[in-house]
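Comments concern the structure below.
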Amino acid sequence: MRRPYPTTIAGSLPKPSWLAEPERLWPAWRLEGADLDAAIRDATRIAVFEQLRAGIDLVTDGEQSRQHFVHGFLASIDGVDFTSKVKRGIRGDRYEAECPSITGPVSRRAPVHVDEVRFAKSLGESVKITIPGPMTIVDTLYDAHYRDRKNAALAFARVIREECEELVAAGVDAIQLDEPAFNVYFEEVEDWGITALDTAIGGLNVIKAVHICYGYGIEANNNWKKTLGTEWDQYARLFPFLSQSSVDQVSIELAGSRVPPEVLGLLRNKDAAIGVIDVATEHVETASEVLETIRIAEKYLPAERIWCSTNCGMAPMRREIAYAKLQALGAGAGLARDHAMLATMKRSSPA
Ligand code: ZN
């Protein structure tokens, strides 16, 4: 049985500067070949160690082996051509990016994350792998083959499923699909987004999570958030559909955001991994601040359905800040556990 207020992170942690350029979203590797492979393993050891040291229950590899959260997965997919990049607006034209092209039917050349999961499992007891979701993948590529977002997404969903089945066999405990694009394309979510999600992970015998956020704490996202008004209504539009999907857990942004917390009530039967750590600020939360965010969520969700997490990945942050935030996450959840135990003791001992 899991302990109350279990903790996890959205996925990524900063890479050491001997592995890749620091504080960059698309960093260049510092090494190559066997040296790079060895350095990635060492960085993974640190990423897992820092999570365990902070008391995080469900750890990730910190995404140390991928340059970018979407393209790391696509690098092993046939039909995606990284030599033919096309500039396009992504996430509803929030950014312009040089996107690789889909030039043919997509298929896996080889397992993508199986080795990473095996390695992470040798370091931590409970391991989550993050994979970009079908809609977010399609929104980060130029499509010269399918020329139809739905068909392309469903093709990627089948590729992801193949990968996930091997990850489950390799012993992964949780699979999280990252779908920040869900927060932008609501009609597509209803039309085919949930179908693609279910095609990718429905029925798998692990914790099945989807992460939907307002992005890393980078300028383009911070500017976008300023246009969203005082109450962000995106989750309210998505949760009714997600509540009917096969996912077990929805990972969302809450700390420091303008997400109205009552939307959590729309998750119905799903667990929520609530972001109690803001990744858009260098302020390191105190344990009490984390507890406050947990208490807000508890007004709308039973405690047993609450996981504590970060709002988003921490890849572009300074390492020492990210590690301090991990400590805050662990300490805040610990505080919530202590309070819950005290309350139980008070109830069971007669006055
Ligand atoms: Zn995110």
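Does the range 288-299 include one or more residues that are within 16 Å of the ligand (Cβ to nearest atom), in contact with a Cys (Cβ under 9 Å, 6 or more places away or on another chain), polar (S, T, N, Q) and modelled with pLDDT of 95 or more?
No: the range 288-299 contains no residue that is within 16 Å of the ligand (Cβ to nearest atom), in contact with a Cys (Cβ under 9 Å, 6 or more places away or on another chain), polar (S, T, N, Q) and modelled with pLDDT of 95 or more.
With respect to W232, determine if the residue is assigned to a loop (DSSP other than H, G, I, E, B), within 16 Å of the ligand (Cβ to nearest atom), in contact (Cβ under 8 Å) with a residue 24 or more places away in the chain and among the aromatic types (F, W, Y).
yes
Across the range 235-262, what is the total count of residues that are within 16 Å of the ligand (Cβ to nearest atom) and either among the hydroxyl-bearing types (S, T, Y) or assigned to a helix (DSSP H, G or I) (or both)?
Going through the range 235-262 one residue at a time, the tally reaches 5.
Somewhere in the range 30-44, is a residue at pLDDT below 95, surrounded by fewer than 16 Cβ atoms within 10 Å (Cβ to Cβ), more than 16 Å from the ligand (Cβ to nearest atom) and not in a strand (DSSP E or B)?
No, the range 30-44 contains no residue that is at pLDDT below 95, surrounded by fewer than 16 Cβ atoms within 10 Å (Cβ to Cβ), more than 16 Å from the ligand (Cβ to nearest atom) and not in a strand (DSSP E or B).
Residues being more than 16 Å from A75 (Cα to Cα) and modelled with pLDDT under 95: count how many of those fall in the range 140-160.
The qualifying residues number 0.
Please enumerate the residues belonging to the range 131-157 that are of a type in the set (G, A, S) and over 18 Å from R108 (Cα atoms).
Answer for the range 131-157, where residues must be of a type in the set (G, A, S) and over 18 Å from R108 (Cα atoms): just A144.
Return the residues of the range 268-319 that are among the hydrophobic types (A, V, I, L, M, F, W, C) and either farther than 22 Å from S243 by Cα or assigned to a loop (DSSP other than H, G, I, E, B) (or both); say none if nothing qualifies. Give the steps one after another, and end with the answer.
Going through the range 268-319, the residues among the hydrophobic types (A, V, I, L, M, F, W, C) turn out to be 272-274, 276-277, 279-280, 284, 287, 290-291, 294, 296-297, 301, 303, 306-308, 312, 314-315, 317.
Passing the criteria: I277, V279, A280, V284, A287, V290, L291, L301, C312, M314, A315, M317.
Given the conditions (1) more than 16 Å from the ligand (Cβ to nearest atom); (2) farther than 26 Å from V59 by Cα, and given that N222 satisfies all but one, which numbered condition is not satisfied?
(1)
So how many residues does the range 164-188 have that are of a type in the set (A, V, I, L, M), within 16 Å of the ligand (Cβ to nearest atom) and either more than 18 Å from I129 (Cβ to Cβ) or free of Cβ contacts under 8 Å to residues at least 40 places away in the same chain (or both)?
So the count comes out to 2.
Can you tell me which residue in the range 303-342 is farthest from the ligand (Cβ to nearest atom), limited to those that are without any contact (Cβ under 8 Å) to a residue 24 or more places away in the chain and more than 16 Å from T286 (Cβ to Cβ)?
Residues of the range 303-342 that are without any contact (Cβ under 8 Å) to a residue 24 or more places away in the chain, as a first pass: 320, 338, 341-342.
Still in the running and more than 16 Å from T286 (Cβ to Cβ): 320, 341-342.
Values: E320: 21, M341: 32, L342: 34 Å.
Filtering the range 303-342 for residues that are without any contact (Cβ under 8 Å) to a residue 24 or more places away in the chain and more than 16 Å from T286 (Cβ to Cβ), the one farthest from the ligand (Cβ to nearest atom) comes out as L342.
Can you tell me which residue among T136, T130 is within 30 Å of A324 (Cα to Cα) and either assigned to a strand (DSSP E or B) or charged (D, E, K, R) (or both)?
Within the list T136, T130, the selection yields T130.
Being at pLDDT 95 or above, on the phi < 0 side of the Ramachandran plot and among the hydrophobic types (A, V, I, L, M, F, W, C): is that true of L267 here? Full working, then the answer.
Details: at pLDDT 95 or above: no; on the phi < 0 side of the Ramachandran plot: yes; among the hydrophobic types (A, V, I, L, M, F, W, C): yes.
No, not satisfied.
The values are calculated or read from the model by the stated rules, or taken from the named source; none is laboratory data. These figures come from a predicted structure and were not determined experimentally. Heads up, the Cβs are rebuilt from the backbone with ideal geometry, glycines too, and the neighbour counts pull from every protein chain shown.
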